[in-house]
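FYI, it's all coordinate maths here, none of it is from the lab. None of these values were measured; they are calculated from a predicted model. When we count neighbours, we look across all protein chains shown, and the Cβ atoms used for this are built from the backbone with ideal geometry, even at glycine.
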Amino acid sequence: MLPDANRLKHRKDFSAVYRKGMRRNSAHFSLRALRKPKSIERSKPTAEKSLQPTRTGISISLKVSKRAVVRNRIKRQIRAALRQLLPRLKLGWDLVIVVRPIAQECNYAEILQELEQLLVEAEVLNGNSRGSIL
């Protein structure tokens, strides 16, 4: 599981990302990304701006598979890939990964590579954008 701070949980958050976020597509996934505004911390005398952690959500419909076992396996693999990419993600983003029906054919390495490519295209990854985990 991803840490609570890195999870997108509420319908209004998903809706905001769908409404205002940018879209990047690949063969198996669609990434929606929304840059969150900087929040002002009231506890400090100087109004410093701080960034919140990047939150991610996964949207997978019955069109992918009628079987919950298949949908849950895909979600577990996506979460594992996101956990591996989490240290490299920039702060202050809301991300929604939409799974396409053809994603059933993917293995973990393909999922990781495709998610990394989508995050690079959306400019959400820190550091060397051309380097690969694999």
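Worth a mention:
- Relative contact order %, segment 4-121, counting alpha carbon pairs below 8 Å whose residues are six or more apart: 36
- Summarising the label geometry, the points placed 7 Å from Cα in the beta-carbon direction at ASP4 and SER30 lie 3.2 nm from one another.
- Annotation: amide H-H contacts under 5 Å for LYS36 (H modelled 1.01 Å from N, sequence separation of 5 or more, or interchain): TRP93, ASP94.
- Positive-end residue of GLN77, ILE102, SER61, charge dipole of the chain with Cβ unit charges: SER61
- Virtual paramagnetic centre 7 Å along Cα→Cβ of LYS63, amide N under 20 Å, in segment 1-41: 14-33
- The chain - charge dipole about Cα centre, Lys and Arg +1 at Cβ, Asp and Glu -1, debye rounded to 20: 600
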